[in-house]
Each structure stands twice: as structure tokens, then as C-alpha cells.
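For reference, the structure is listed below as C-alpha cells.
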Amino acid sequence: APSLAYPALKVGNINNLRDGQAVYFNYPDGSAQGVLVKLGQRAIGGVGRGRDIVAFSAACTHMGCGVQFKGGRFVCPCHYSMFDPAKAGQCYQGLASTPLPQIRLRVAQNGDLLAQGVVGLIWGRARNI
Ligand code: FES
């Protein structure tokens, strides 16, 4: 998938997260929603001590509905596609045919989580750069 270097943006702090918690934010701009989760288990591209914090575009790759974090996975409320946050956002059930774009995270010295780029194309954006 293409990797796009959007500017870095603080989207949370590692010290404020609990296992199983999802935090929504806007990235790379106000018209795109992202979501970060602390899974409590190692994940592809995960950051933090347990390599368990990952972030994704929250726009379902089928038709763009906002995905919800339930039971350790992302579920789309529109047509029930399901995505695995530990496996780079892979769609394992439903109508979506591509993974959720993964937002690259970096941890700053003070624990701030910085979004700094997206792997994959965010649904519905004519310009992804
Ligand atoms: Fe998500 Fe259709 S928009 S499954």
C-alpha cells in the first residue's frame, strides 16, 4: 500500500491509555477521523512498551462509515465489515476488500503519541496527499 507522509500531529499520550480503550481524533485534517487503540497484545506496527498501541483511519474501506472498536476489533455499523487491529487492519469479514489504512505512530519522550503518516488510501478522499 502507498505510504503517505502527512505532517505529525499529537493524538494522545501513552500514559493516559488503558487496555481495550479506543481514542478518536481527526487526522490528517478535520474531515478525516482516525482512531487509536491500546490492545493489550502485540500488534503489527504497534508502539509502546507492549507494542500494542496502533491507529487507523476510522472510515470503513467499503463505503466510508465510521468503524467502532468492539471486542478487540473494528466493526462497521453499516454492513458489518470487521477489521483486525493487530493485523494491520486486515478485513476478515464483510464487504470491505481492503484493510483500514494504518496511521503510523511515534512515541515522544514525554509519552505523547504522534501520528505521522498513513499507509493506504483513506476512503472517499480524492486527494490522499
Ligand atoms: Fe462499512 Fe459497508 S460501509 S461495511
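Please give the charge dipole size of region 1-84, origin at the Cα centre, charges +1 on K and R Cβ atoms and -1 on D and E Cβ atoms. Round to the nearest 20 debye.
So the dipole magnitude of region 1-84 works out to roughly 260 debye.
Pairwise over distinct Cα atoms, reciprocal of the mean inverse distance: report the Kirkwood radius of region 1-57 in Å, one decimal place.
12.0
Would you mind getting me the FRET efficiency between Lys10 and Ser97? Use the beta-carbon distance for r and R0 = 35 Å, nearest 0.05.
0.60
Just how far, in whole angstrom, is region 38-77 from region 90-129 if you go by their alpha carbon centroids?
Here the answer is 9 Å between Cα centres.
Could you tell me which residue out of Ala88, Gln68, Gly50 lies farthest along the dipole of the chain toward its positive end? Charges go on the beta carbon: Lys and Arg +1, Asp and Glu -1, centred on the Cα centre.
Gly50
Hey, what do the phi angles of region 22-37 turn into as Karplus ³J(HN,Hα) couplings, whole Hz, using 6.51/-1.76/1.60 and θ = phi - 60°, x for Gly and Pro?
Per-residue couplings from phi come out as 10, 10, 8, 7, 9, 6, x, 8, x, 9, 10, 9, x, 9, 10, 9 Hz.
For Ser3 and Cys65 in one chain, what is 0.36 nm times their gap in residues minus the Cα-Cα distance, to one decimal in nm?
In short, 20.1 nm is gained.
Mind pulling the per residue volume of the convex hull built on the Cα atoms of the chain? Å³ is fine.
Enclosed volume per residue, from the Cα hull, is 91 Å³.
Can you send over the solvent-accessible area of Tyr92, 1.4 Å probe, protein chains only, in Å² to the nearest 10?
110
For Thr61, Thr98, what's the largest-to-smallest order of accessible area, 1.4 Å probe?
In descending accessible area the options line up as Thr98, Thr61.
Can you list residues whose amide H is under 5 Å from Gly34's amide H, if they're 5+ apart or on another chain and H is modeled 1.01 Å from N?
Phe25, Asn26, Tyr27, Ala58
Can you run phi through the Karplus equation (6.51, -1.76, 1.60; θ = phi - 60°) for region 85-92 and list ³J(HN,Hα) in whole Hz, with x for Gly and Pro?
Once rounded to whole Hz, the list reads x, 7, 10, 6, x, 4, 7, 10.
Which residues' amide hydrogens lie under 5 Å from the amide hydrogen of Gln21, considering only partners 5 or more residues apart or on another chain, with H built in the peptide plane?
Lys38
Over region 1-106, give the accessible area per residue in Å² for a 1.4 Å probe, as an integer.
51
Taking the Cα centre of region 50-129 as origin and charging only Cβ (+1 Lys, Arg; -1 Asp, Glu), how large is the dipole, in debye to the nearest 20?
120
Going by a 4.7 Å Cβ-Cβ cut-off, which cysteines of the chain have no partner at all?
So far as the 4.7 Å Cβ criterion goes, Cys91 stand without a partner in the chain.
Of the accessible area of region 2-121, with the probe set at 1.4 angstrom, what percent is carbon plus sulfur?
Carbon and sulfur atoms account for 49 percent of the accessible area of region 2-121.
The values are calculated or read from the model by the stated rules, or taken from the named source; none is laboratory data. Remember, it's a predicted structure, so these values are computed and weren't measured experimentally. Glycine also receives a Cβ, built like all others from the backbone with ideal geometry; neighbour counts cover every protein chain displayed. These accessible areas exclude ligands, DNA and RNA; they are computed on the full protein's heavy atoms, side chains included. Shrake-Rupley method; radii C 1.70, N 1.55, O 1.52, S 1.80 Å.
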